[in-house]
1. Between B:GLU70 and A:VAL56, what is the spin-label point distance in nm, taking each point 7 Å from the Cα along the Cα→C-beta axis?
2. Treat every Asp and Glu Cβ in chain B as -1 and every Lys and Arg Cβ as +1, leave all other atoms uncharged, and give the resulting dipole magnitude about the Cα centre to the nearest 20 debye.
3. Could you give the length gained by full extension between A:THR72 and A:ARG25, i.e. 0.36 nm per residue of separation minus their alpha carbon distance, to one decimal place?
4. Per 0.36 nm of contour for each residue apart, how much would the distance between A:GLU116 and A:LYS33 grow if the chain were fully extended, relative to their Cα-Cα spacing?
5. Put +1 on the Cβ of each Lys and Arg and -1 on the Cβ of each Asp and Glu in segment B:216-335; which of B:MET255, B:PRO232, B:ILE325 then has its Cα farthest toward the positive end of the dipole?
6. At what distance in nm do the modelled label points of A:ARG47 and B:VAL351 sit from each other, each positioned 7 Å from its Cα along Cα→Cβ?
7. Taking the number of other C-beta atoms within 10 Å as the exposure measure, put B:TYR149, A:TYR129 in order starting with the fewest.
8. Just to be sure I understand the curve: with the Debye formula and one point per C-alpha of segment B:114-258, what is log10 I(q)/I(0) at q = 0.21 Å⁻¹?
Amino acid sequence: MIVERPEHEGSYVRATAKGMGITLRHLLNPNKKTQQYPDEKWELSARLRGTHRMAVHEDGRAKCVACGLCPTVCPVNCIKLVPAEDENGERYAAIYEIDEFRCIFCGYCQEVCPVEAIHLGVHYENSEYSRERWVYDLERLCEQEHPVTALWDPSDPASE
Amino acid sequence: MPSISGTAFGIATLVKALLFFTLLMLGVMLATIVERKIAGFIQDRSGPNRVGPWGILQVIADGIKNIIKEETMPREAIEPFFLLAPALAIIPGTVLFAIIPFASPLPTRWGLVEMIVADVPIGFLYVLAIASIGVYGVAMGGWASGSKYSLLGGLRGSAQMISYEVALALSLVPLILLAGDLRAPEIVSMQQTFTAGPPTYAVWFIAPLLLGTFLFFVSGLAETNRLPFDLPEAEAELITGYHTEYSAMKFSMFMIGEFAHVITTAALVTVFFLGGWDIPLWRGDNIRVLADGSVIGDPTWWKTVLTAGMFAAKTGVVVVLFMWIRWTLPRFRYDQLMDLGWKFMLEAVTVYILVIAGTILGIESVGIEVGPLYAGILFAVNLVLAALVIFVMDRGTLIKGAAHGARHDARIAAHGVPRLAAAADEGREG
């Protein structure tokens, strides 16, 4: 496509000189925009929805009561839950796995959980060498230590 | 001290060839990191900085990566030529370096060693001959890949390099008129002592041949396939052109070839127009080896080191200029490239030869001797010519293609839509 432009407005040498001036200014500008990532990190929002973590009781058991709400509400079926009952008749999760690779971090599981057991966390650095490692089992979910995601507060819609 | 001769000459030449090749490859390594740093700085990024201090070891990391990566061989590729092309891409850039005088002669126990691998008497013609070979790597790589993108890139590359070779060759003719010698060391010493009598001032040929420098530089940009002339690579249209199908070290060899070519072109600009290894405002480095082997001046080893440093600095500045241009200017459209080459550069350089030859004839018939006044008159002529050239280029009719658009619009206004396009429109409606 040829851009319509009056002939007298055309310029190459002047435009080149101007461009060279601009790039020279940037070349010598010491204020680089690059963030030196592993050394400097972003300040994360308290509402960032990242890697999950499971809340635990004081004795170390997961708070999960295996009610089955989170696998039901999960839009991408990334939660696998097999419930079981102990000798007191209390339900617990025999298998609880979250495929972080499949998860879209919508946060519904955290919102729907009646006992505030499963949470999303303010944490995003979870790269792995294999896909299998992305499936977090219950033990691993309980071990996570990052802060949990704050839910949206209607009285403070902008989270200020 | 007599010049080195006999077996010692052979050994010295071998050592120099090895040394120069090593230095050139080190220069290429440095150039890749500098290129990426400059690219980063111009875009307000910091460039590679994680491997080693200032990211300097990044090149080694890249080299290791390229060596251990998988080599791919496309099914359609023509194997022997596909393998040969990357090697051919490296050769011209490195071989061209043989005629570049790198520093002042070095006195050794066995005689005076000139710091040039091959002091061929036809240095200038050698430059042109080897520069033409550069097209083979590109064309062969493009054709042997068996891919349409590569083929188009290779064809573009060959057309472009052949077109600009004419301007490249002719832009050196005024230099030969002025220097009166085809040997690169003679051209350097001519710039150091621009006078027929005792040495006075160094006159770098960039002053009396300002426009020639510009034309040579532009043709050099085109010859090395660097932006704004990197049509053979044109990512937007051709993926990466002639080296689309190449991977790992073979791709790396194309890159090494390109950077070697850039460094060599910068070194040629330095030798021909920036005084070579001449240190400005110092006459101690005016050392000249005459054809019969006698030496004017006083060569010492530390002068060799100093002048080598000076040469490297000048070449470095030109290389940085190359990179600065690359990260500033957008790529030409293909017709603009050809227009610039054939309809402007060729004419400009031809007229330039005539004007410079005429001026030299005029000056010498008036009786002005080679010296500052001689150079001053040529400089004034060059300024006028450069102003003219810049005015013509800046008009925009030449490069921008706006005039073509305007003419096209006028034609449509006068005669309606051209028949072919109209027929296509009818076909679409029907």
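1. 4.2
2. The calculation lands at about 600 debye.
3. Roughly 11.2 nm would be gained on extension.
4. 25.8 nm
5. After comparing all options, I get B:ILE325.
6. 6.7
7. A:TYR129, B:TYR149
8. Each listed q maps to, in turn, -1.19.
Bear in mind these aren't lab numbers, they're just calculated from the coordinates by the rules spelled out. Note that the structure is predicted; figures quoted are calculated from it, not measured. Methodologically, a virtual Cβ is constructed for each residue, glycine included, from the backbone with ideal geometry; neighbour enumeration extends over all protein chains shown.
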